[in-house]
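Some notes on the structure that comes next.
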Amino acid sequence: MNYSNPWRSGDPRDAVRVNVPAPTLRPAVRFTDGLAFGGDYNPEQWPREAWDEDVRLMREAGVNLVSLGIFAWGTVETADGVRDWTWLDDIIELLHRHGIGIDLATPTAAPPSWLLAAHPEIAPVLVDGFREPAGGRLAWCAASPVFRRYALRHVEALAERYGRHPAVRLWHIGNEFGGGNARCYCDLSAEAFRDWLRQRHGTLEAVNTAWGTNQWGHRFGAWEEILPPRGRHGAPNPGLFLDYERYSSDALLSQYLAEKEVVERYSDTPITTNLMVGAGAQVVDYATWAPHTAIAANDHYTLVDDPLREQDLAFAADRMRGLFPDRRPWLLMESSTGSPSWQQRNRAKDPGEIVRHSLGHVARGSDGAMFFQWRASRAGAEQFHSAMLPHSGTRSRVWREVRELGQHLKALAEVQGTQVEPARAAIVADDPAGWALQHGLKPHRGLSYGRELREWHRALWERNILCDVVPPSTDFDGYDLVIVPTLLTVAEPVAARLRAVPERGGTLLVTYLSGVCDSDNQVIPGGFPGAFRDVLGAWTDEYYPLQAHETVALDDGAAVKEWTERVVLETAETVVSYTSSSLAGGPAVTRNAVGDGSAWYVSVHLPPESIDRIAGHLIETADLEPPVTAPPGLEAVRRVGDGRSYLFLLNHTDVDQKVVAEGRDLLTGADFPVSTEIEANAYAGPMIVVPAGGVRVLRELSHS
């Protein structure tokens, strides 16, 4: 193979074309009896005598589902076309014999070493022309016809063999798509990108118009002139950059769909893949992926240095729930019992966090709690990653908490299939808008897309105001409060639906750097934010991003950093003003009366205390109420269905917390009220104590 061209990966004419059909939304599915509990199981890492012990301990812990074979391509297909199914046959039968369901993976996340040795050209090429070497995960380019051919050949053999096996309850396509190969810049990818552009824009002239290529004289006269945004000069055309991000997401989705289609020839079992949904701009556009799954599944790991790990968890869960228009249950596919292995400093979880974090996901819509992985690995890159069965075995605290969690999930079996009660507040999150915000020559190149999303969500979460984190494609009619944080790019139909929120009596809040560009990443002229300035009754004349040492004072007493704007009022009124800098006396936060509702504009990077004050006013205006009145640090979420309701109470503090509620605690079997003793002038009902760091789940007697 000729490596003089670092981008070369084969004949570009052979590139895999991206084909992403419109999804068909099917009814929600159940694949376990009760809530799912288990994790990734890699028996190929262990001698066979360990398997019997694994299954015995799984049953002891209450495990009812394991993800199997995720990285097992090379241990089955040991050479090109040579397969030994013996060990996989044996472990599937062993698990089935003991009543443990299987989430069977297509192992294409880990191409075998013989394939990479024979075809090194399948590996992705990085932005600087460096080809990824063997030894990692997801070492394949989505445009590679060689990889596609080998992958689908093995998927077909796997599905033909096990597609009707009664132990297989779920299919797990690939693993964390984009988690190592999110972008490839090779010549095959360039050709597939050009084909994708033809489908999206139609003509070369339309591409030039969408990208504004006359700027810097980069107009394209032939399709072959269009290349991926290679190199590290940091200033690709914004339209080209955003389209390449979208193409890359679709290319990976195309691989998922190709494998899914093969499996569907041999199996009627539900199919999913594990997403990695969190607070920032994600590696792919998950809003376009989720509808192609039978149940949306997520891998979520908290950051040990995050002071609000529980809120990060809640945000991810609320975003998972928002991926489907019917807010159906989803599945926590991976989490950790303790320290992960990929952070700078990997700390164990505190006592009680395994249970509380897992039930926090269940409270917000997950129909189970799964982990990476079942047994801690002795070798390999993840040898220090925590597991359900840690290196210290069954005498460990982790194992005791894993068993406790299994008992709790079994006790919560009746919660399966219920949904989180409808939210009346929504936060709009969009991966393409996040990609656009964080790249290119922006007025402030250090802003994180996830920051504003997390802060506005936190202000609601701390008050136990449920909100859905939803993509722009959402129908906003059911929400009384809609918050739009740093949504840099927005299509006009989406902007129109958002502008309709206050017109029908709702409240719309838009932050800085929202609605500035259209869906092609072109600035909307006429004053920022172009997509929303009419409904806001105000517009921004100039941006004033602050230098690292600068702060600006507001008349609410706050000192702000990072971002300010010179705002011009039209019909809006000032809520908060600047009191220092050249912006002194000018509006920082505005409110505009629209129809029976209002539209707010936050032109400044507010500190938490200012966000809290505004959020409190918005909650009061929209008449939003928590499930129960709870003290700070006690999280309350309700799931409902079939005439039943379940109140989850999670105490994130180190002291006992009291709350007024009635029902039976499914975790302990205790009935509340156990007495009628009431604290004077504080509460009006039976008192429940939630222990420090503990959880209660009440099957409620009634709720209004």
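The values are calculated or read from the model by the stated rules, or taken from the named source; none is laboratory data. The model shown is predicted, which means the values in this text are computed figures rather than measured ones. Here the Cβ is made from the backbone with ideal geometry for all residues, glycine too, and neighbour counts use every protein chain on show. The area values use the complete protein model at the heavy-atom level, side chains included, leaving out ligands, DNA and RNA. Shrake-Rupley method; radii C 1.70, N 1.55, O 1.52, S 1.80 Å.
When G221 is tested against (1) farther than 24 Å from V16 by Cβ; (2) at pLDDT 95 or above; (3) crowded, with 18+ Cβ neighbours inside 10 Å, only condition (3) is not met. Could you list, ordered by first residue, the pairs with Cβ atoms under 6 Å in which the first is in region 526-544 and part of a helix (DSSP H, G or I) and the second is among the hydroxyl-bearing types (S, T, Y), at least 6 apart or interchain? That search, which allows pairs on different chains as well, returns L536/Y601. Is it the case that some residue within region 397-407 is modelled with pLDDT of 95 or more and assigned to a loop (DSSP other than H, G, I, E, B)? No.
Only one of the listed residues (A348, A317) is of a type in the set (A, V, I, L, M, F, W, C) and farther than 23 Å from T474 by Cα. That residue is A348.
Evaluated against (1) within 20 Å of L253 (Cβ to Cβ); (2) touching a residue at least 60 places away in the same chain (Cβ under 8 Å); (3) open to solvent by 50 Å² or more (accessible area, probe 1.4 Å), R149 falls short on exactly one condition, (2). Does E452 satisfy the condition of being modelled with pLDDT of 95 or more, within 21 Å of the chain's Cα centre (by Cα) and buried (at least 20 other Cβ atoms within 10 Å of the Cβ)? Considered against the rule, which asks whether it is modelled with pLDDT of 95 or more, within 21 Å of the chain's Cα centre (by Cα) and buried (at least 20 other Cβ atoms within 10 Å of the Cβ), E452 comes out as yes.
Here is a yes/no grid of residues against (1) assigned to a helix (DSSP H, G or I); (2) in contact with a Gly (Cβ under 6 Å, 6 or more places away or on another chain); (3) free of Cβ contacts under 8 Å to residues at least 12 places away in the same chain:
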{"site": "R613", "(1), (2), (3)": "yes, no, no"}
{"site": "L618", "(1), (2), (3)": "yes, no, no"}
{"site": "P627", "(1), (2), (3)": "no, no, no"}
{"site": "A630", "(1), (2), (3)": "no, no, no"}
{"site": "L650", "(1), (2), (3)": "no, yes, no"}
{"site": "V655", "(1), (2), (3)": "no, no, no"}
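Considering (1) open to solvent by 40 Å² or more (accessible area, probe 1.4 Å); (2) at pLDDT below 95; (3) on the phi > 0 side of the Ramachandran plot, the lone condition that G129 does not fulfil carries the number (1). What about F193, is it among the aromatic types (F, W, Y) and assigned to a helix (DSSP H, G or I)? Answer is yes for this residue. Considering only residues in region 377-393 that are under 17 Å from F37 (Cα atoms) and either open to solvent by less than 10 Å² (accessible area, probe 1.4 Å) or in contact with a Pro (Cβ under 6 Å, 6 or more places away or on another chain) (or both), the one that is modelled with the lowest pLDDT turns out to be A387. Can you tell me which residue in region 658-677 is modelled with the highest pLDDT, limited to those that are more than 12 Å from R699 (Cα to Cα) and open to solvent by 80 Å² or more (accessible area, probe 1.4 Å)? Once the filter is applied, the top-ranked residue is K658. Condition check for I611 on (1) buried (at least 18 other Cβ atoms within 10 Å of the Cβ); (2) at pLDDT below 95: one failure, at (2).
Selection of first residues in region 492-507 that are open to solvent by 10 Å² or more (accessible area, probe 1.4 Å) and of second residues that are charged (D, E, K, R) and assigned to a helix (DSSP H, G or I), restricted to Cβ pairs under 8 Å at least 6 apart or on distinct chains, gives the following pairs, ordered by first then second residue: R499/D534; R504/D477. Show the residue pairs that are 6+ apart or on different chains and have beta-carbon atoms under 9 Å apart, the first residue being within region 218-239 and free of Cβ contacts under 8 Å to residues at least 24 places away in the same chain, the second being among the aromatic types (F, W, Y) and crowded, with 18+ Cβ neighbours inside 10 Å. Final answer for the pair search is H218/W211; F220/W211. Would you be able to tell me the number of residues in region 47-87 that are open to solvent by 50 Å² or more (accessible area, probe 1.4 Å), within 35 Å of the chain's Cα centre (by Cα) and either aromatic (F, W, Y) or over 25 Å from G163 (Cβ atoms) (or both)? Adding up the residues that qualify gives 5. Taking the condition open to solvent by 10 Å² or more (accessible area, probe 1.4 Å), aliphatic (A, V, I, L, M), over 22 Å from E245 (Cβ atoms) and part of a loop (DSSP other than H, G, I, E, B), does L303 pass? Yes; evaluated as a whole, the condition is true for this residue. Among the candidates L252, L188, the residue that is among the hydrophobic types (A, V, I, L, M, F, W, C), surrounded by 15 or more Cβ atoms within 10 Å (Cβ to Cβ) and under 30 Å from H165 (Cβ atoms) is uniquely L252.
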